[in-house]
Amino acid sequence: MSKRDHLPVLCVLGSWSSGTTAVTGYLKNLGAYSCPPHVGTFDPRTPDSMESLEFRNQCASTVDEATFSDIGDRQEFGNKLQDWIIEQSHEAVQNKCSHIVLKHPLSAFLISEIHEACDPKWIVVTRSFEKIENTRKRRKWFHYYGVQGASKVYSALFSSLIQIEATYLTLSFSDFLSRSTVREQLTSYSEIAVHEGKKDKAEEWIR
């Protein structure tokens, strides 16, 4: 890999409590690099959010988490992300990973910049607003982590993906959990070369 090259990037899109953690963890266990350390949570069911802390900080310094309004320079975000992806690719190779996988709900508002920085494959995870809101209540999270935020996140991400004329894969979270064919579709789309041991580990992750 030359200095300016980077590994293929997978970007998992969706709102808080939509199932993106499960999908990202599945891809990580197949062989993608999730750029640790990760953001932790207080939810005993999912203590590891599978969100790179650095990627989260980059997104949150550009788009406000509560209002979804711009608070930083988008061009600076894109430039910094491009350099960081290259750095993380070298880390990934050392860890014998073939891809980078990123996820954070705020990335829905930065799709154009992410596209320019690393041209990822886009994976959209969907879940009903009712289930998202119920999970938010169980976790006792702020209101913008529930249906209020989800409606804005999904509106932004689909509008942006259409605007850049992107190809993307959409997964129903419930189907992802219950149907092996959907997980196989995700694996094929991601173009990760799967070894049997890693597939077993990925399957165990979602049980």
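The values are calculated or read from the model by the stated rules, or taken from the named source; none is laboratory data. None of these values were measured; they are calculated from a predicted model. Note: ideal-geometry Cβ built from the backbone for every residue, glycine included; neighbour counts use all protein chains shown. Remember, those area values only see protein heavy atoms, side chains included, never the ligands or the DNA or RNA. Shrake-Rupley method; radii C 1.70, N 1.55, O 1.52, S 1.80 Å.
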If I ask for residues that are open to solvent by 20 Å² or more (accessible area, probe 1.4 Å), within 13 Å of the chain's Cα centre (by Cα) and not β-branched (Val, Ile, Thr), which ones from the range 37-53 would you list? 38, 53
Name the one entry in 103, 131 that is of a type outside the set (Val, Ile, Thr) and within 18 Å of residue 190 (Cα to Cα). 103
So is residue 187 at pLDDT 95 or above, out of contact with any Phe, Trp or Tyr (no Cβ under 6 Å at 6 or more places or on another chain), open to solvent by 60 Å² or more (accessible area, probe 1.4 Å) and not acidic (Asp, Glu) or not? no
Select the strands (runs of 3 or more DSSP E) contained entirely in the range 1-53, then report the ones holding at least 3 residues which are touching a strand residue (DSSP E or B) at 6+ places or on another chain (Cβ under 9 Å) and under 19 Å from residue 80 (Cα atoms). 9-13
Considering only residues that are under 13 Å from residue 88 (Cβ atoms) and open to solvent by 40 Å² or more (accessible area, probe 1.4 Å), which ones fall in the range 54-63? 54
Here the residues within the range 92-151 that are more than 18 Å from residue 28 (Cβ to Cβ) and in a loop (DSSP other than H, G, I, E, B) are 110, 119, 127, 128, 140, 141, 142, 146
Confirm whether residue 202 is under 22 Å from residue 67 (Cβ atoms), open to solvent by less than 20 Å² (accessible area, probe 1.4 Å) and not in a loop (DSSP other than H, G, I, E, B). no
